[in-house]
Amino acid sequence: MYSHWATKSMTSPTRIAIVGGGPGGLTLARILYTRGIAATVFERDAHALERPQGGTLDLHVGSGQAAMRQAGLDAAFKIVARYEDQGMRVLDKTGKVLLDQPGGVGGDRPEVDRTELRRILVESLPPETVRWGYVLCDARPVSGGTVRLDFANGDSGDFDLVVGADGAWSRVRRLVSDAVPFYTGVAFVEIGLDDVDRRHPAIARLVGRGGMAALGDSKGIIAQRNGNAHIRTYVAFRAAEDWLGSGAIDLTDARAARRSLAAQFEGWAPEILSLVHEGGDTITPRLLYTLPVGHKWTCRRGVTLLGDAAHLMTPFGGNGVNFAMLDAAELAIAIADGGGPDAIEAYETKACERAAPEAAEALNSLLETFSELGPRQWLEHMSGGHGASRPRAAQQS
């Protein structure tokens, strides 16, 4: 038993554990730290760059950006934010441009790479705050209202408050809810291209400064510009949940895998398929899952949730990380104001009520996009005042 992990608060003896070192968990730790309250973050990754963190993010003014301001990191965020990459293009499968929203510094949803956002948050915390390489095996209540965490390396510890910021397949969620994510029926396969402006200029022009979605036949090829001249492409289509195990694609042979993926888009414009054919050798499949819309739970002493652990939604709303960071900011206030059961319950109620309609819209948007509606759904989404929100491929870890 290594209870010394539970770093004592600078203002109270409450032992706080945050399970998950993504944007939500790290934002919570940072805001608590600025208010004199220490917490320990347990992250399964061995280090910050162990695995790809997923695509670029657009942080919204009233959520992600507001959380960064509350964390005192607004200036650091603006240094790495890409205001020039807020554009969006929608094409049909022939390559006809149906919508072209240019990027530019006038927008209010600048892009930031996940790796950069994580770096800023980690560097803003004392080095001992994040415990890397801690894979949670079990979380269970013990005497005195505390929760015990057991990790794969054999370590364990007791905490007065455990925050599940551990994503789609949260182990902490099991303490308060029986809900599990369900498969939406849509699969994404991620392919990357590096140094696109020099090595793939035609693709760079096709995607533009921001994102591009070519849609049709209940399928899509969606690309987004990341930092350092990298384009991340998602080949998207409806598939059975056991699609990967069916042998439909051989991920051990990147060239054959790209050919197999492109073959599903027969008749599509060559310039669109070049995003697949010219892609790199790292090919990552991602099945899209979501929690039941309106997921909520009964407040339980010593445990709460934020972000995808609380309200996993499809990436077609653009609110996943933004809501996780806003959850973190509001939970930090609840804890700083005393952290009693009433404060935590009020936070949970507000977070769940905020997420429910957005989760419903995100699921409907996904299913309509990969239907006969295709490009029309996106055009209606854009004209409805949603701006240049683009789907984000969630880390289903």
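Every read-out reported here was derived from the displayed coordinates using simple, explicitly stated rules and does not represent laboratory data. Just so you know, these numbers come straight off a predicted model, no measurement behind them. Here Cβ is always computed from backbone atoms with ideal geometry, including for glycine, and neighbour counts include all displayed protein chains.
What order do you get for Thr14, Thr34, Thr27, Thr304 when you list them from fewest to most C-beta neighbours inside 10 Å?
Sorted ascending by nearby Cβ count, the order is Thr34, Thr14, Thr304, Thr27.
The distance linking region 142-181 with region 254-288 is 39 Å (Cα centroid to Cα centroid, whole angstrom). Under a Gaussian network description of the chain, with springs only between Cα atoms under 10 Å, the residue in Asn364, Asn153, Asn322 that fluctuates furthest is Asn153. By the equivalent-ellipsoid construction on the alpha carbon gyration tensor, region 184-228 comes out with semi-axes of 22, 12, 9 Å, ordered largest to smallest. In the chain, helical runs assigned H by DSSP with n ≥ 4 each contribute -39500 (n - 2.57); averaged across all residues and rounded to the nearest 500, the mean residue ellipticity at 222 nm is -9000 deg cm²/dmol. Name the residue, out of Ile79, Ile221, Ile37, whose mean-square fluctuation peaks in a Gaussian network model built on the chain with Cα pairs under 10 Å. Among Ile79, Ile221, Ile37, the largest GNM mean-square fluctuation belongs to Ile79.
Select from region 37-116 those trypsin sites (Lys or Arg not before Pro) which occupy a DSSP coil region and have at most 12 other Cβ atoms within 10 Å, ordered by residue number. Passing both the DSSP loop test and the Cβ count: Lys96.
Convex hull volume of the C-alpha atoms in region 218-357, normalised per residue: 155 Å³. Let me check against my output: what whole-number percent is the relative contact order of region 66-223, with C-alpha pairs under 8 Å and at least 6 apart? RCO, region 66-223: 25 percent. When both region 68-112 and region 311-372 are represented by their alpha-carbon centers, they are found 22 Å apart.
Charge dipole of region 166-257 (Cα centre as origin; +1 on each Lys and Arg Cβ, -1 on each Asp and Glu Cβ, all else neutral): 380 debye, rounded to the nearest 20. Only the Cβ atoms of Lys and Arg (+1) and of Asp and Glu (-1) were treated as charged; on that basis the dipole of the chain about its Cα centre amounts to roughly 280 debye. Applied to region 358-370, the Karplus parametrisation 6.51 cos²θ - 1.76 cosθ + 1.60 on θ = phi - 60° returns per-residue 3J(HN,Hα) values of 5, 5, 4, 5, 5, 5, 4, 4, 4, 5, 6, 4, 9 Hz, with x for Gly and Pro. Length, then width, then depth: along the principal axes, the Cα atoms of region 63-121 run 46, 22, 18 Å.
For the chain, the extents of the C-alpha atoms along the principal axes are 65, 46, 35 Å, listed from largest to smallest. Computed on the chain, with alpha-carbon pairs under 8 angstrom and 6+ residues apart, the relative contact order is 22 percent. Two-decimal Rg/Rh of region 111-246 from alpha-carbon positions, Kirkwood Rh? In region 111-246, Rg relative to Rh is 1.09. Within straight-line reach of Lys78, meaning a Cα separation under 20 Å, sit the following aspartates and glutamates at least 8 residues removed in sequence or on another chain: Asp58, Asp108, Glu111, Asp113, Glu116, Glu123.
Dipole of the chain computed with +1 at Lys/Arg Cβ and -1 at Asp/Glu Cβ about the Cα centre; of Phe159, Ala179, Ser143, farthest Cα towards the positive end is Phe159.
How are the alpha carbon pair distances in region 12-143 distributed across 10 Å bins from zero to the largest one, expressed in percent? All Cα pairs, binned at 10 Å, distribute as 11, 35, 29, 15, 8, 2, 0 percent.
Quick one: Cα convex hull volume of region 259-321, Å³ per residue?
Hull volume normalised by residue count: 148 Å³.
Normalised radius of gyration (Cα atoms, divided by 2.2 N^0.38 Å) for region 80-165: 1.84.
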